[in-house]
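The values are calculated or read from the model by the stated rules, or taken from the named source; none is laboratory data. It should be emphasised that the depicted structure is a prediction, and the values quoted were computed from it without experimental measurement. Quick reminder, even Gly has a Cβ in these numbers, built from the backbone with ideal geometry, and neighbours come from all protein chains shown. Just the protein is used for accessible areas: all its heavy atoms, side chains included, with ligands, DNA and RNA removed. Shrake-Rupley method; radii C 1.70, N 1.55, O 1.52, S 1.80 Å.
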Amino acid sequence: MPDPLGNFSFTWPLYAAFLVAYLLGSIPFGLLLTRLAGAGDLRQVGSGNIGATNVLRTGRKGLAALTLLFDAGKGAAAVAVADHWFGPSMAVFAALGVIAGHVAPVWLRFRGGKGVATTFGVLWVFSWPVGVAAAAIWLAMALLFRYSSLAAILAIGSSPAWAWALTGVAEAEVTGLIAVAVVARHAGNIRRLLKGEESRIRFR
């Protein structure tokens with residue numbers, strides 16, 4: 001049976017881009033930063049998630065900001081490097097790989113973060129108008145409802161529509177794959193939202 005992506009001798013760079021981006025995405029910055037700062041194992045705090053929102057629950061706002069920056073940065077870096085040196089096709093595989101690495105890192109038995117910050121980083125480089133729209137929606141929903149998870153679901157979930165309207169069909173398809181993966185990682189949050197048990201953002 002022929003390879004659906006073509007002959008392997010021509011497509012192996014795409015698989016390589018996915019793998020390299022996966023390894024970059026799998027770096028658990030939240031977990032590493034909290035351990036280095038003496039804040040313990042982040043997986044034993046709050047929701048057990050390794051992302052910036054859970055780092056904030058340790059009371060270390062600076063560490064949470066760094067985690068957000070680094071998680072978004074690895075998404076942006078993976079796509080930017082792949083696109084600059086190898087072109088759009090490679091950037092697509094890098095985008096998918098870096099998010100897969102964050103949500104399912106091999107080092108943590110495939111139990112990673114929700115992929116929100118990394119997705120924002122990807123979107124800003126992959127299609128900056130979509131990144132701006134998603135960030136604006138997240139901020140508006142977070143301020144209005146004070147649920148980080150709800151803001152993320154609405155922001156990332158709407159990104160394919162923004163991509164279709166602002167960039168094109170190809171970008172919408174890729175963004176759609178990413179959105180499905182990220183929203184699926186919020187299944188537990190969705191259940192808690194429906195039950196009224198989800199924790200709110202504390203701005204003070």
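Structure data summary
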quantity: Matching entry among Leu154, Leu96 (being part of a helix (DSSP H, G or I), free of Cβ contacts under 8 Å to residues at least 40 places away in the same chain and out of contact with any His (no Cβ under 7 Å at 6 or more places or on another chain)); calculated: Leu154
quantity: Residue list for segment 30-49, restricted to those being over 17 Å from Phe110 (Cα atoms), within 22 Å of the chain's Cα centre (by Cα) and either aliphatic (A, V, I, L, M) or exposed (fewer than 11 other Cβ atoms within 10 Å of the Cβ) (or both); calculated: Leu33, Val45
quantity: Residue match in segment 5-14 (condition: touching a residue at least 24 places away in the same chain (Cβ under 8 Å) and either of a type outside the set (Asp, Glu) or open to solvent by 40 Å² or more (accessible area, probe 1.4 Å) (or both)); calculated: yes
quantity: Hits in segment 50-77 - residues which are part of a loop (DSSP other than H, G, I, E, B), open to solvent by less than 50 Å² (accessible area, probe 1.4 Å) and more than 21 Å from Gly131 (Cα to Cα); calculated: Ile50, Thr58
quantity: Residues of segment 26-39 that turn out to be free of Cβ contacts under 8 Å to residues at least 12 places away in the same chain and not in a helix (DSSP H, G or I), as a count; calculated: 1
quantity: Total residues in segment 185-204, condition surrounded by fewer than 18 Cβ atoms within 10 Å (Cβ to Cβ) and either out of contact with any Leu (no Cβ under 9 Å at 6 or more places or on another chain) or not in a loop (DSSP other than H, G, I, E, B) (or both); calculated: 13
quantity: Hey, Gly112 within 29 Å of Arg35 (Cα to Cα), open to solvent by 20 Å² or more (accessible area, probe 1.4 Å) and not hydrophobic (A, V, I, L, M, F, W, C) or not; calculated: no
quantity: Residue among Val182, Val169 that alone is open to solvent by less than 60 Å² (accessible area, probe 1.4 Å) and either under 18 Å from Ala117 (Cα atoms) or among the β-branched types (Val, Ile, Thr) (or both); calculated: Val182
quantity: Residues satisfying the stated conditions in segment 78-96, i.e. open to solvent by 40 Å² or more (accessible area, probe 1.4 Å), more than 15 Å from Gly115 (Cα to Cα) and touching a Leu at 6+ places or on another chain (Cβ under 7 Å); calculated: Ser89, Phe93
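Condition check ((1) at pLDDT below 95; (2) over 20 Å from Gly30 (Cβ atoms)) across all residues:
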| position | (1), (2) |
| --- | --- |
| Gly121 | no, no |
| Ile137 | no, yes |
| Ala140 | no, yes |
| Ala152 | no, no |
| Gly168 | yes, yes |
| Ala172 | yes, yes |
| Gly188 | yes, no |
| Ile201 | yes, no |
